[in-house]
1. Ordered by residue, what ³J(HN,Hα) values in Hz, to whole numbers, does segment 43-54 give under the Karplus form 6.51 cos²θ - 1.76 cosθ + 1.60, where θ = phi - 60° and Gly and Pro are x?
2. If R₀ is 25 angstrom, what is the calculated FRET efficiency for the pair residue 4 and residue 29, using the beta carbon separation as r and rounding to 0.05?
3. Charges at C-beta only: +1 for Lys and Arg, -1 for Asp and Glu. How large is the resulting dipole of the chain about its Cα centre, in Debye rounded to 20?
4. What is the extension gain from residue 60 to residue 15, computed as 0.36 nm multiplied by their sequence separation minus the C-alpha to C-alpha distance, in nm to one decimal?
5. Given H placed 1.01 Å from N in the peptide plane, which residues other than close sequence neighbours of residue 24 have an amide H under 5 Å from its amide H?
6. Residue by residue through segment 23-35, what is 3J(HN,Hα) from phi via Karplus (6.51 cos²θ - 1.76 cosθ + 1.60, θ = phi - 60°)? Round to whole Hz and write x for glycine and proline.
7. Along the charge dipole of the chain, which of 37, 51, 63 sits closest to the positive end, that is, farthest toward it, with unit charges on the beta carbon of Lys, Arg, Asp and Glu (+1, +1, -1, -1)?
8. What number, rounded to the nearest 500 deg cm²/dmol, is the helix-based mean residue ellipticity at 222 nm of the chain, given -39500 (n - 2.57) per DSSP H run of at least four residues and division by all its residues?
Amino acid sequence: MIKRKKEVNYRKATRKDGGRCLFCVHRLRVEIRGCNGEYLYHNYRCNVIGLENSRRYSISKDFVCDEFKQAETVGQ
Ligand code: SF4
């Protein structure tokens with residue numbers, strides 16, 4: 001796990017957490033690009049953890065961290 005995820009205590013969400021990445025304002029849909037800059041697909045990153053393309057920055061909608069903040073609208 002990358003250092004930033006450890007710093008914010010990124011973990012599998014439980015009912016006790018009262019939230020998860022799916023409902024967090026920091027979760028963003030981003031374009032994932034290949035080595036030549038070509039579009040590959042969309043995925044989700046977090047602007048607290050980092051928006052880099054690397055899979056190490058990917059977040060799961062069923063995880064949460066200490067920086068969770070409820071969004072007013074829910075993403076996909
Ligand atoms: S701030 Fe935490 S809870 Fe919110 S999207 Fe990022 S990792 Fe998930």
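FYI, it's all coordinate maths here, none of it is from the lab. Computed from a predicted model, the values in this text were never measured in an experiment. Note: ideal-geometry Cβ built from the backbone for every residue, glycine included; neighbour counts use all protein chains shown.
1. 8, 10, 9, 10, 7, 8, 7, x, 9, 4, 5, 3
2. Values: r = 19 Å, r/R0 = 0.78.
Here the calculated transfer efficiency is 0.80.
3. On the way: 17 positive and 9 negative charges, 69 e Å.
It works out to roughly 340 debye.
4. Working: separation 45, 0.36 × 45 = 16.20 nm, distance 1.57 nm.
Working it through step by step, the gained length comes to 14.6 nm.
5. 71
6. Here the 3J(HN,Hα) series is 9, 9, 5, 7, 7, 10, 8, 10, 7, 9, 10, x, 4 Hz.
7. Of 37, 51, 63, it is 63.
8. Working: 1 runs with 5 residues, N = 76.
Helix contribution divided over all residues of the chain: -1500 deg cm²/dmol.
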